[in-house]
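A.B. asks: This is the structure I want to talk about, given as C-alpha cells.
The values are calculated or read from the model by the stated rules, or taken from the named source; none is laboratory data. Quantities reported herein were computed from a predicted structural model and do not represent experimental measurements. Note: ideal-geometry Cβ built from the backbone for every residue, glycine included; neighbour counts use all protein chains shown.
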Amino acid sequence: MLANLSGTKLNTRLIERSNHPPLDLFPPWAYKGGMIQIGIHTDNYRPLSVGFEGACQKIAATGLKHIEFAAIHGQNFITALGYDPGVSLQSNPRAVRRFLDQLGLRVSQMDGAYPMMGPNGSAYGVQYVTQSIRFAAELGCPMVDTVDGAFEIPGFTRKEIFRITCDNYRQCLSWAEDYKVVINVEPHGPYTNDLEFMHNLFKHFESEYLRCNFDTGNSFIAGHNPLDYVKALRKYVSHCHIKDVSPALAAAVRGEETGIGSSEVPVGGGVNADNIRNCMAYLAKGGWDGGVSIECHGSDENTRKSVEWMRGVVKGLGKRVKRRA
C-alpha cells in the first residue's frame with residue numbers, strides 16, 4: 001500500500017530494462033525546446049483492478065519515463081486494498097517520489113479532476129485542487145489537471161456558472177502561484193467543450209498558472225475537429241491527453257457526449273488516429289513542448305500498441321522534436 005511505499009520491493013520481472021535516469025534529470029523547467037514527452041496515465045489500469053505501485057511498474061516496463069495519476073481527496077477503500085491506481089492526498093508525497101525515483105519515473109501532471117464549475121466546485125473542487133497543488137509541489141510535478149462535470153448544472157445560466165467558475169479558480173490560483181504549479185483545464189464536459197467559455201475563462205485571468213490540458217478524445221467525442229480545437233487554444237495548451245475512439249463508440253455518441261474515460265481501442269487503432277497525428281504535428285511545428293499522457297484500456301496488448309504507435313508519431317515529427325521516450 002502507499003503507506004508502505006518506502007519499503008516497497010520492485011517487481012524486477014516486470015521491469016526488464018536498465019539505465020533508469022534519476023528523477024532529477026527531468027525537473028519541471030526541462031519542458032523547453034520543442035520536446036514532446038510521452039507518458040501513461042495510471043488510471044488506464046483501473047478497469048483491471050491494478051494498484052498504483054503495479055501500474056507504475058508496468059509503465060516503467062514500457063521504457064517510458066512519465067506518468068500521470070489521479071488524486072484522491074481523502075480515502076478510497078478500493079485504493080487502500082490495492083485495486084485502484086489513484087493516490088490519496090493523505091499519502092506521504094516524499095515516499096511516493098522515492099518510489100518513482102527507483103523506477104526512473106517523473107509525474108508530468110497530477111489529475112485533480114473534481115469538477116470545478118458550479119456550487120459543488122466551490123464546496124469540494126477548490127479543496128480538491130488546492131490540496132492537489134500542495135502534493136504536486138512536493139513531488140516536483142509541474143501541473144494539476146481540472147475539469148467540469150459531464151452535464152450542465154440545472155438551475156443556473158451559463159453566465160452564472162462562468163461567474164462561479166471564475167471565483168473557484170481565483171481561490172486556487174493563489175495556491176498555484178505560491179507553489180509554482182500550473183492549473184490546467186481539460187475539455188471534458190459541456191462548459192469546457194464550449195470554446196467561447198474556455199477563451200473567456202483564460203482571458204479573464206491571463207495567468208501563466210492557468211492553462212489547458214488538451215484532450216484528443218474528449219474534443220472529438222464532443223463533436224469538434226480536435227485540430228481546430230487545439231488551434232483555437234494553442235496559446236494556453238501545456239499538456240495533452242491522447243485518446244483514440246472506436247468506430248462503434250463514435251457512431252453511437254459523437255456529438256451527444258462530451259468526454260470519455262479512456263480508449264477502448266489502442267491509440268492509433270481507432271477513428272481518431274489521424275486527428276491525433278495532425279494535432280501532434282501542429283504542436284511540434286510551433287515548437288510546443290510538454291507531456292502527453294496516453295489514455296487507453298491498460299491491457300498489455302493495448303498498452304504495447306499505443307506506446308509503439310505514439311513513439312512512431314513523435315519520431316516522425318521531424319528534427320524539431322526530440323524524443324525522450
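A.B. asks: Look at segment 203-221 and say how many of its residues are buried (at least 18 other Cβ atoms within 10 Å of the Cβ) and touching a Leu at 6+ places or on another chain (Cβ under 8 Å). Steps first, please.
C.D. replies: Residues of segment 203-221 that are buried (at least 18 other Cβ atoms within 10 Å of the Cβ), as a first pass: 209-221.
Restricting the remaining residues to those that are touching a Leu at 6+ places or on another chain (Cβ under 8 Å) gives 209-210, 212, 214, 221.
Qualifying residue count, segment 203-221: 5.
A.B. asks: So which residues in segment 238-261 are touching a residue at least 40 places away in the same chain (Cβ under 8 Å), of a type outside the set (D, E, K, R) and touching a helix residue (DSSP H, G or I) at 6+ places or on another chain (Cβ under 6 Å)?
C.D. replies: Residues satisfying the conditions are Ile242, Gly259, Ile260.
A.B. asks: How about segment 80-125: which of its residues are of a type in the set (S, T, N, Q), in contact (Cβ under 8 Å) with a residue 40 or more places away in the chain and more than 19 Å from Ala150 (Cβ to Cβ)?
C.D. replies: At the first step, the residues of segment 80-125 found to be of a type in the set (S, T, N, Q) are 88, 90-92, 102, 108-109, 120, 122.
Those still in the list that are in contact (Cβ under 8 Å) with a residue 40 or more places away in the chain too: 88, 91-92, 102, 108-109, 122.
Of everything in segment 80-125, those that are of a type in the set (S, T, N, Q), in contact (Cβ under 8 Å) with a residue 40 or more places away in the chain and more than 19 Å from Ala150 (Cβ to Cβ) turn out to be Ser88, Ser91, Asn92, Gln102, Ser108, Gln109.
A.B. asks: Is there a residue in segment 162-169 that is touching a residue at least 12 places away in the same chain (Cβ under 8 Å) and either acidic (Asp, Glu) or touching a Lys or Arg at 6+ places or on another chain (Cβ under 9 Å) (or both)?
C.D. replies: Going residue by residue through segment 162-169, those that are touching a residue at least 12 places away in the same chain (Cβ under 8 Å) are 162, 164-169.
Next, only the ones that are either acidic (Asp, Glu) or touching a Lys or Arg at 6+ places or on another chain (Cβ under 9 Å) (or both) stay: 167.
So far as segment 162-169 goes, yes, one or more of its residues are touching a residue at least 12 places away in the same chain (Cβ under 8 Å) and either acidic (Asp, Glu) or touching a Lys or Arg at 6+ places or on another chain (Cβ under 9 Å) (or both).
A.B. asks: Still on this structure, I have one more. For segment 58-92, which positions are assigned to a helix (DSSP H, G or I), closer than 24 Å to Cys240 by Cβ and not charged (D, E, K, R)? Let's see the steps before the verdict.
C.D. replies: Residues of segment 58-92 that are assigned to a helix (DSSP H, G or I), as a first pass: 58-61, 77-80.
Filter once more, so that each one left must be closer than 24 Å to Cys240 by Cβ: 58-61.
Answer for segment 58-92, where residues must be assigned to a helix (DSSP H, G or I), closer than 24 Å to Cys240 by Cβ and not charged (D, E, K, R): Ile59, Ala60, Ala61.
A.B. asks: Here is a further query. So, in segment 126-159, exactly how many residues are in a loop (DSSP other than H, G, I, E, B), surrounded by 24 or more Cβ atoms within 10 Å (Cβ to Cβ) and either at positive phi or in contact (Cβ under 8 Å) with a residue 60 or more places away in the chain (or both)?
C.D. replies: In the first step, residues of segment 126-159 are kept if they are in a loop (DSSP other than H, G, I, E, B); the result is 140-142, 148-157.
Narrowing further to those that are surrounded by 24 or more Cβ atoms within 10 Å (Cβ to Cβ): 141-142, 148.
Checking which are either at positive phi or in contact (Cβ under 8 Å) with a residue 60 or more places away in the chain (or both) leaves us with 141-142.
Residues that pass the stated criteria total 2.
A.B. asks: Read through the list (1) farther than 19 Å from His297 by Cα; (2) among the hydroxyl-bearing types (Ser, Thr, Tyr); (3) under 14 Å from the mean Cα position of the chain (by Cα), then give the number of the only condition that Thr130 fails.
C.D. replies: (3)
A.B. asks: Of a type in the set (Gly, Ala, Ser), under 27 Å from Tyr209 (Cβ atoms) and modelled with pLDDT under 95: which single residue out of Gly39, Gly34 fits that description? Break it down into steps so the answer makes sense when it comes.
C.D. replies: Values: Gly39 fails: modelled with pLDDT under 95.
The conditions single out Gly34.
A.B. asks: Then there's this: Report, by residue number, each residue of segment 103-125 that is surrounded by 19 or more Cβ atoms within 10 Å (Cβ to Cβ) and part of a helix (DSSP H, G or I).
C.D. replies: Correct list: Leu103, Gly121, Gly125.
A.B. asks: Of the conditions (1) charged (D, E, K, R); (2) under 23 Å from Gly261 (Cα atoms); (3) in a helix (DSSP H, G or I), Asp178 fails just one. Which one is it?
C.D. replies: For Asp178, the failing item is (2).
A.B. asks: Which of the residues spanning segment 182-208 are under 14 Å from Phe162 (Cα atoms) and either in contact with a His (Cβ under 9 Å, 6 or more places away or on another chain) or among the basic types (Lys, Arg) (or both)?
C.D. replies: Within segment 182-208, Asn193, Leu195, Lys203 qualify.
A quick yes/no check of all residues on (1) over 26 Å from Lys243 (Cβ atoms); (2) not aromatic (Phe, Trp, Tyr):
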| position | (1), (2) |
| --- | --- |
| Phe156 | yes, no |
| Glu160 | yes, yes |
| Gln171 | yes, yes |
| Tyr179 | yes, no |
| Asn184 | no, yes |
| His199 | no, yes |
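A.B. asks: Continuing with the same structure: Could you say whether any residue in segment 189-201 is among the aliphatic types (A, V, I, L, M), in a loop (DSSP other than H, G, I, E, B) and at negative phi? Give the derivation first.
C.D. replies: The initial filter retains those residues of segment 189-201 that are among the aliphatic types (A, V, I, L, M), namely 195, 198, 201.
With the extra rule that they be in a loop (DSSP other than H, G, I, E, B), the set shrinks to none.
For segment 189-201, residues among the aliphatic types (A, V, I, L, M), in a loop (DSSP other than H, G, I, E, B) and at negative phi: absent.
A.B. asks: Ok, one more. Hey, does segment 61-72 have a residue that's at pLDDT 95 or above, closer than 23 Å to Glu264 by Cα and β-branched (Val, Ile, Thr)?
C.D. replies: Yes.
A.B. asks: Scanning segment 260-306 for residues that are part of a loop (DSSP other than H, G, I, E, B) and at positive phi, which turns out modelled with the highest pLDDT?
C.D. replies: Kept after step one, since they are part of a loop (DSSP other than H, G, I, E, B), are these residues of segment 260-306: 260-262, 264-272, 286-289, 295, 297-299.
Among the residues that remain, those that are also at positive phi are: 268, 287.
Working: Gly268: 98, Gly287: 93.
Top of the filtered list is Gly268.
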